[in-house]
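This report concerns only the one structure given below.
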Amino acid sequence: MFETFGFEETTARQVSVLFALVVGLVFGALAQWTGFCFRRALVGQDRREAAGVWMLALATAVIATQAAVAQGWIDFADHRLMAADLPVLAIVAGGLMFGAGMILTRGCASRLLVLGGSGNLRALLVIVVFSITAHATLKGVLAPLRTTLGAVTLPLAEYASLAALPSGSWLWSLLMAAAALVVALRSGNGLPTLLAAALIGLLVPIAWVGTGFILYDEFDPIAMESLSFTAPAADTLFFIVASSSIPAGFGPGLVGGVLLGALFAALLSGRFQWQSFESPRQTGRYMTGAGLMGIGGVLAGGCTVGAGLAGIPTLSVAALLALASIALGGLAMNAWLSAGASESGARPAKPTRRPAA
């Protein structure tokens, strides 16, 4: 497919960087404007509105992704999310860690990238630590932890996908999309915000089709990827420190695009503002959360976007388990922090529409 577009002087991998940059620019700008964030949807003061944005993006991603599958443009049969042996212990443990970490840092990986582009130095440092620990878990000193937990599996065979269940893929896709749509329509968000949320969701199948169909080159294949920030953050870190020997791919393009998109949106809207840590205690909390997210994101097979927004539309059981574990970990950590604040007599923070990281 790739060669039919007339790219004679560039490879599919090189084009994928530019493609990811554009996808990231759009995501960063839309996410900055809408406050797109799974943590906000889970425990934020404005979680009803935030859940509406997140759920409409998910509903759009599910329907559009399955439409692309029905057209024969993409196929997830051989994707890692459809592994016949489900690494259940790694996914659950990783999801709980990631969820706890995103509460400590007041944002998941995608939200922190957006905040970083908006001038938040706390978020940028968290992303750096997140990238380091993710890379260490993938290929470094923490890799034995990943392989040990990953060895505990549950054989699912064809049932690794909801498509194998009775009534096939479309029934389950429509049920998930309908449930998400109900939440979105009852969220109280205005039409412009809902439209922006739908555009965020459309980026998921656009990325899947772009890397898995349009840029497919049987002589020089690249991985089929969509929105995700755990492996891309690690890849970006590795590219920055070893760019002379490691060429850029989809991941660095996506991360760079999100930062630039958020920066442009923040500057245009007047929301750009330098922010930093307020105390050593706060720094320690955020660094702990960053480490938990880095390790947890790798073990779970993705973050709230990679395993959630982009993973669930594949109908992967692993993705569903990962997002559920992330949500549980986030709720547990939020309850623990709230209990600690109550015991110490600390006053609850005033509610804000879009809490910063």
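The values are calculated or read from the model by the stated rules, or taken from the named source; none is laboratory data. Everything numeric in this text was worked out from a predicted model, so none of it was measured. With ideal geometry, Cβ positions are generated from the backbone for all residues, glycine too; neighbour counts draw on all protein chains shown. When the accessible area is computed, the model is the full protein with side chains, heavy atoms only, and any ligands, DNA or RNA have been set aside. Shrake-Rupley method; radii C 1.70, N 1.55, O 1.52, S 1.80 Å.
How much of the accessible area of segment 69-120, probe 1.4 Å, is carbon plus sulfur, in whole percent?
58
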Can you order the peptides 85-91, 297-303, 31-37, 162-168 by their average number of other Cβ atoms within 10 Å per residue, highest first?
297-303, 31-37, 85-91, 162-168
Using a 10 Å cut-off on Cβ atoms, rank the peptides 145-155, 206-216, 269-279 from the highest mean neighbour count down.
206-216, 145-155, 269-279
For a protection proxy built on the mean count of beta-carbon atoms within 10 angstrom, sort 178-189, 44-55, 247-258 highest first, please.
247-258, 44-55, 178-189
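Tell me which DSSP H helices of the chain clear both cut-offs, 20 Å or more of axial length from alpha-carbon atoms and a mean Kyte-Doolittle hydropathy of at least 1.6.
88-104, 121-139, 168-185, 191-209, 250-269
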Going 7 Å from the Cα of A164 toward and past its Cβ, which residues in segment 65-103 have a backbone nitrogen under 18 Å from where you end up?
75-89, 91
Let me check I have the definition right: for segment 109-214, take the eigenvalues of the Cα gyration tensor, multiply each by 5, take square roots. What are those semi-axes in whole Å, largest first?
30, 28, 14
Could you work out how much longer the chain between L268 and T10 gets when fully extended? Use 0.36 nm per residue separation minus the Cα distance between them, nm to one decimal.
89.5 nm
Could you state the number of Å between the C-alpha centres of segment 271-331 and segment 81-150?
6
Could you list the square roots of 5 times each eigenvalue of the Cα gyration tensor of segment 29-131, that is, the equivalent ellipsoid semi-axes, sorted largest first and rounded to whole Å?
27, 20, 14
Accessible solvent surface per residue of the chain, calculated while the other protein chains remain in place, 1.4 angstrom probe, Å²:
45
What percent of all Cα-Cα pairs in segment 166-274 falls into each 10 Å bin, going from 0 up to the bin containing the maximum distance?
11, 27, 34, 21, 7, 0
If you average 1/r over every pair of different alpha-carbon atoms in segment 239-349 and take one over that average, what Kirkwood value in Å do you get?
17.5
Testing the spin-label approximation: label points 7 Å from Cα along Cα→Cβ at S245 and S338. State their distance in nm.
5.0
Could you give the alpha-carbon Rg of segment 1-84 over 2.2 N^0.38 Å, rounded to two decimals?
1.45
When only C-alpha pairs under 8 Å and at least 6 residues apart count, what is the relative contact order of the chain, in percent?
39
Amide H to amide H, which residues 5 or more places from L154 or on other chains are under 5 Å from it, using H placed in the peptide plane?
L86, V88
